[in-house]
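**Q** Right, I'll just put the structure down here and ask away after.
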Amino acid sequence: MPAPVPPLPSSAAVEDAPAEQTVSGPGHRIRITLLMAGSCLPILGAVLIAPVLPKIKDHFAGVPGVDALVPVSLTIPALSLALLAPFAGIVVDRLGRKRLLVVATVLYALVGTAPLWLDSLGAIVASRALVGVVEAAIMTCCTTLIGDYYSGRQRDRYLAMQTMCASIAATAFFVLGGAAGSAGWRAPFWAYAASLLLAPAMAAFLPRPPRAQPAAPAAEPSATAEPAGRRAFPWRPLAGICALTVFGAVMFYTVQVEMSFLLDDMGVTDTGVIGLAIAASSVATVVGAVVFTKSGRNPLSWLPFAFGLCALGFAVLWIAPNPVVLTAGAVINCLGGGIMLPSLLTLALSKLEYTDRGRGTGLWIGCFFLGQFICPLVVLALTAAVGSLPNAVGVLALAGALGAAGLGAAVRRRSPAAAPAPAGRTVPTPAVAEASHAGES
């Protein structure tokens with residue numbers, strides 16, 4: 001069943017939104033580079049070991065429950081992230097973004113490389129859970145800081161760029177993981193040490209955004225002019241977006257988790273080839289994010305199309321007779337995912353103001369990674385029910401098609417006047433200029 005469509009903002013609120021404030025300059029370029037690099041770290045945790053999952057499974061073949069534990073070792077960080085990201089968001093709002101980001105980036109290297117020295121599958125899964133704990137802080141801080149530093153269409157571009165950079169990184173990490181996997185299944189874990197290069201730069205070049213924003217001018221009275229202490233957190237608008245995000249994450253991450261097993265079932269056992277095949281599909285995610293950024297369409301109108309592409313990709317995976325067609329199905333699925341992810345995120349951030357942006361961002365991230373974690377469990381349950389992994393993918397194709405149809409019907413019921421403008425028209429944050437000046441100094 002498709003998740004509910006999020007409520008739409010009123011057209012009057014959109015029309016009253018002031019123009020965005022554009023941030024530029026050398027400090028801005030360093031800042032956005034660091035935030036994009038930090039945003040890629042959780043992707044490293046999600047995809048790096050995907051090409052070596054069959055090797056890990058072979059190594060621990062005698063361990064009870066290995067069929068479930070090995071896929072979960074890839075996605076267990078997502079469970080930790082899903083459970084803790086909302087709390088990380090609260091900490092971010094209360095204690096500050098930058099401090100938490102720097103500490104978490106250092107810890108990421110320590111817990112990420114732990115499987116290099118662990119000999120128990122259970123201990124490896126536990127260390128992967130700790131990776132998710134620090135990923136919760138990193139992802140929440142990076143996304144919240146993008147919301148703090150930028151506004152309007154510039155914010156939208158960087159949120160879409162976040163998806164593009166993550167997808168490009170995923171492509172590189174799939175190739176890296178596959179190549180490193182030829183030296184043994186432990187070798188890819190060395191890549192986690194790269195975060196030690198980011199932490200000092202973040203400490204030096206990321207400014208602390210102001211903890212409060214000036215009130216809106218008296219000439220423009222609105223809900224946004226209320227003091228933050230008396231404004232309720234927007235639970236209701238976020239509920240539909242977050243529910244849809246869980247469903248979308250399952251649709252997106254199934255390919256990342258199961259592609260190596262689908263290829264292995266077709267006789268493709270070389271980890272380098274598996275990594276290249278998954279990387280090729282990840283390029284489509286970048287293309288999808290670029291399409292979203294360049295189109296100028298409101299994000300809600302993209303969702304039926306995005307879910308439809310994901311469903312079509314699953315259908316091709318289901319009937320694929322060889323690895324080439326299988327990879328083509330993954331490409332179609334990931335193209336839809338590249339459009340879907342920034343659409344959902346911009347919808348979520350359009351509901352948030354500075355004082356609750358960390359909490360709201362953490363809630364959205366938690367829901368997204370909850371979907372990532374449960375996707376292998378969903379596929380495992382479907383496989384047991386329908387007899388094979390390709391048939392389970394076929395069931396997901398049907399679910400995606402129903403979701404796309406439901407979203408399409410819901411969007412058509414909205415009158416054009418009530419449809420939201422692109423999230424670029426959201427009310428900008430006056431703190432942007434202050435943050436920019438701090439970054440340039």
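**Q** For region 284-301, give me each residue that is crowded, with 24+ Cβ neighbours inside 10 Å and either more than 18 Å from A160 (Cβ to Cβ) or of a type outside the set (A, V, I, L, M) (or both).
**A** Once the filter is applied, which keeps residues that are crowded, with 24+ Cβ neighbours inside 10 Å and either more than 18 Å from A160 (Cβ to Cβ) or of a type outside the set (A, V, I, L, M) (or both), region 284-301 yields T285, G288, F292, P299.
**Q** Out of region 134-170, which residues are in contact with a Leu (Cβ under 6 Å, 6 or more places away or on another chain) and either farther than 19 Å from L206 by Cβ or of a type in the set (K, R) (or both)?
**A** T163
**Q** Between V393, V411, V432, which is buried (at least 17 other Cβ atoms within 10 Å of the Cβ), at pLDDT 50 or above, of a type outside the set (D, E) and over 18 Å from L344 (Cβ atoms)?
**A** Answer to the check: V393.
**Q** If only one of T327, T346 is among the hydroxyl-bearing types (S, T, Y), at pLDDT below 85 and either touching a Ser or Thr at 6+ places or on another chain (Cβ under 9 Å) or closer than 23 Å to V379 by Cα (or both), which one is it?
**A** Only one candidate passes the filter, namely T346.
**Q** When you check L377 against the structure, is it of a type in the set (A, V, I, L, M, F, W, C), buried (at least 24 other Cβ atoms within 10 Å of the Cβ) and either in contact (Cβ under 8 Å) with a residue 40 or more places away in the chain or not in a helix (DSSP H, G or I) (or both), yes or no? Steps first, please.
**A** On the way: of a type in the set (A, V, I, L, M, F, W, C): yes; buried (at least 24 other Cβ atoms within 10 Å of the Cβ): no; either in contact (Cβ under 8 Å) with a residue 40 or more places away in the chain or not in a helix (DSSP H, G or I) (or both): yes.
Taking the combined requirement at face value, the residue does not satisfy it.
**Q** Are there any pairs, at least 6 apart or on different chains, whose C-beta atoms fall under 8 Å, with the first in region 98-127 and farther than 20 Å from A193 by Cβ and the second basic (K, R), and if so, which?
**A** As it stands, the answer is K98/R208, since those pairs meet every condition given.
**Q** Take region 60-90 and flag every residue that is out of contact with any Pro (no Cβ under 8 Å at 6 or more places or on another chain) and of a type in the set (V, I, T).
**A** Selection gives V63, V66, V70, I76, I90.
**Q** Moving on. Here is a list: A179, A172, A183, A187. Which entry is surrounded by fewer than 23 Cβ atoms within 10 Å (Cβ to Cβ) and either within 21 Å of the chain's Cα centre (by Cα) or closer than 19 Å to F368 by Cα (or both)?
**A** A172
The values are calculated or read from the model by the stated rules, or taken from the named source; none is laboratory data. Remember, it's a predicted structure, so these values are computed and weren't measured experimentally. As a convention, Cβ positions derive from the backbone with ideal geometry for all residues, glycine included, and neighbour counts pool all protein chains shown.
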